[in-house]
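Below is one structure, written out as structure tokens, with a few remarks after it.
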Amino acid sequence: DAGVTQSPTHLIKTRGQQVTLRCSPKSGHDTVSWYQQALGQGPQFIFQYYEEEERQRGNFPDRFSGHQFPNYSSELNVNALLLGDSALYLCASSLTTRQVYGMDFGPGTRLTVT
Amino acid sequence: QKEVEQNSGPLSVPEGAIASLNCTYSDRGSQSFFWYRQYSGKSPELIMFIYSNGDKEDGRFTAQLNKASQYVSLLIRDSQPSDSATYLCAPLNTGFQKLVFGTGTRLLVSP
């Protein structure tokens, strides 16, 4: 039973470029949440997708956008990259009716913006 | 006031001792509370969750919740060097269906 998977593992981009990160949820999960974790900080909520729609969004600019596909996988897109976007990007999946029991995190994508 | 507050540490305990990690939260709409362990460079791993006032035990771990005081804690008994990690407290507001994380407490267990 595969857990949450993310790709790529590491990514180096230049300021101003665009990036797409991918996530496949744990089998049986239908909800995907994205978090950004800067060095030394806790994960910060970016947004959550359920039934292919953005259900909830944190305090992130419109440069951050996402998508959920019919198979529940998800993408996170970041446009016009800034140095401050360098972070570990975490995908978490859950079953929307059982979120009170927690979310499973993927291994993360380490993004470095130079 | 931060939504979730944790002492960043490091909290240093000797092997075999009890480690006590504390967390306060501001959102009274929070209904479930999670403790995640995060090793350096890795993603968070769920250790325990609790949603009723009182204590919940799982092996060496005990979570304690007091909703009136907006306080949740994690006790680790018989601490091992492998427990050295950052522990993240995360309430879940089921209305907004998102986890809100604290900055985490770094625990160091010395042999």
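The values are calculated or read from the model by the stated rules, or taken from the named source; none is laboratory data. All figures in this text were calculated on a predicted structure; none of them were measured in a lab. No Cβ is skipped: glycine too gets one built from the backbone with ideal geometry, and neighbour counts run over all protein chains shown. In case anyone asks, the SASA skips ligands and DNA or RNA and just uses the protein heavy atoms, side chains included. Shrake-Rupley method; radii C 1.70, N 1.55, O 1.52, S 1.80 Å.
Rg and Dmax of region B:1-78, using alpha carbons, in Å: what are they?
When restricted to the Cα atoms of region B:1-78, Rg and Dmax are 12.8, 37 Å.
Using a simple spin-label model with points 7 Å from Cα along the Cα→Cβ vector, what separation in nm is obtained for A:ASN59 and A:ALA2?
3.6
At a threshold of 8 angstrom on Cα-Cα distance, excluding pairs fewer than six apart, so keeping six or more, what relative contact order does chain A reach in percent?
Relative contact order comes out at 37 percent.
Provide the buried accessible surface between chains B and A in square angstrom, both chains summed, 1.4 Å probe, rounded to the nearest 100. Could the numbers behind the result be given before it?
Details: alone 6060 and 6210 Å², together 10620 Å².
It comes to approximately 1600 Å² buried between B and A.
Are there residues in region B:75-111 whose accessible area shrinks by at least 20 Å² when all protein chains are included rather than the chain by itself, and which are they (probe 1.4 Å, ligands and nucleic acids not counted)?
B:LEU92, B:PHE96, B:GLN97, B:LYS98, B:LEU99, B:PHE101, B:THR103
Rolling a 1.4 angstrom probe over the protein heavy atoms, how many square angstrom per residue are accessible across the protein assembly as shown?
With all protein chains present, the protein assembly as shown gives 47 Å² per residue.
In whole percent, and with a 1.4 Å probe on the protein chains, what portion of the accessible area of the protein assembly as shown is carbon and sulfur?
Working: 5000 of 10620 Å².
Reported share for carbon and sulfur atoms: 47 percent.
Translational D (Stokes-Einstein, µm²/s) of the protein assembly as shown at 25 °C and 0.890 mPa s when Rh comes from the Kirkwood sum over C-alpha pairs?
Values: Rh = 18.0 Å.
The estimated diffusion coefficient comes to 137 µm²/s.
Mind giving me the FRET efficiency for B:TYR39 and B:LYS67? R0 is 35 Å, r the Cβ-Cβ distance, nearest 0.05 is fine. Spell out each step's value before the answer.
Values: r = 30 Å, r/R0 = 0.86.
About 0.70, to the nearest 0.05.
Just counting partner chain Cβ atoms within 10 Å, what average do the residues of peptide B:48-57 show around their Cβ? Working shown, then result.
Values: counts 1, 3, 0, 2, 0, 0, 0, 0, 0, 0.
For this peptide, the per-residue mean of nearby foreign Cβ atoms is 1.
Identify the residues of region A:29-44 with backbone N under 19 Å of a label point that sits 7 angstrom from the Cα of A:GLU52 along the Cα-to-Cβ direction, or state none.
Residues A:29-33 qualify, since their backbone N sits under 19 Å from the label point.
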